[in-house]
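Worksheet: one structure, shown below.
All of the numbers you see were taken from the coordinates with simple rules; none came from a lab. Since this is a predicted model, take the numbers as computed values, not measurements. Ideal geometry is used to build each Cβ from the backbone, glycine not excepted, and the neighbour counts take in all protein chains shown.
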Amino acid sequence: MIKSFDHVAITVKDFDKTIDWYVNNMGFTIQRMVENKERGTRMAFLEAEGYAMLEFFGFMDPNRTVEGP
């Protein structure tokens, strides 16, 4: 049985809009942001009052997507 986990990672289409929404509407704070220009990716780690962490992943090219379930 799972008793806890560190964070959840979510790939999003509009990275900036997603980060803005979680910060301004849900009260999350940005803990860390990373850009990898070589891979064309961005990541942001957002925290909700020390108990929940979300990682958002996005591409710098808005037309690039990830296929999957």
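Just order 11-20, 31-40 by mean Cβ neighbour count inside 10 Å, highest at the front, would you? Intermediate results must be reported in sequence, preceding the final value.
On the way: 11-20: 14.4, 31-40: 10.4.
Going by the mean number of other Cβ atoms within 10 Å, highest first, we get 11-20, 31-40.
Can you show me the helix-derived [θ] at 222 nm for the chain, built from DSSP H runs with n ≥ 4 at -39,500 (n - 2.57) apiece and divided by the number of residues, rounded to the nearest 500. Walk me through the numbers before you get to the answer.
Values: 1 runs with 12 residues, N = 69.
It comes out at -5500 deg cm²/dmol, rounded to the nearest 500.
For volume of the Cα convex hull per residue in Å³, one of (i) 165; (ii) 90; (iii) 113 was computed from the structure I shared and the rest are decoys. Which label?
(iii)
Determine the dipole magnitude for the stretch 10-50: charges of +1 sit on the beta-carbon of Lys and Arg, -1 on that of Asp and Glu, nothing else is charged, the reference point is the Cα centre, and the result goes in debye to the nearest 20.
So the magnitude is around 180 debye.
Rounded to the nearest 20 Debye, what is the dipole magnitude of the chain about its Cα centre when Lys and Arg each give +1 and Asp and Glu each give -1 at the C-beta? If you can, show how the numbers build up before the last one.
Working: 8 positive and 11 negative charges, 22 e Å.
About 100 debye.
If one takes the longest principal axis of the Cα atoms in the chain, at what angle in degrees, from 0 to 90 and to the nearest 10, does the Cα axis of helix 15-26 lie?
That helix lies at roughly 20 degrees to the long axis.
What distance in nm separates the simple spin-label points at Asp6 and Asp61, each placed 7 Å from Cα in the Cβ direction?
My value for the distance between the label points is 3.0 nm.
Projecting each Cα onto the charge dipole of the stretch 10-50 (Lys/Arg +1, Asp/Glu -1 at the beta carbon, about the Cα centre), which of Thr11, Met33, Trp21 comes out farthest on the positive side?
Result: Thr11, furthest along the dipole toward the positive end.
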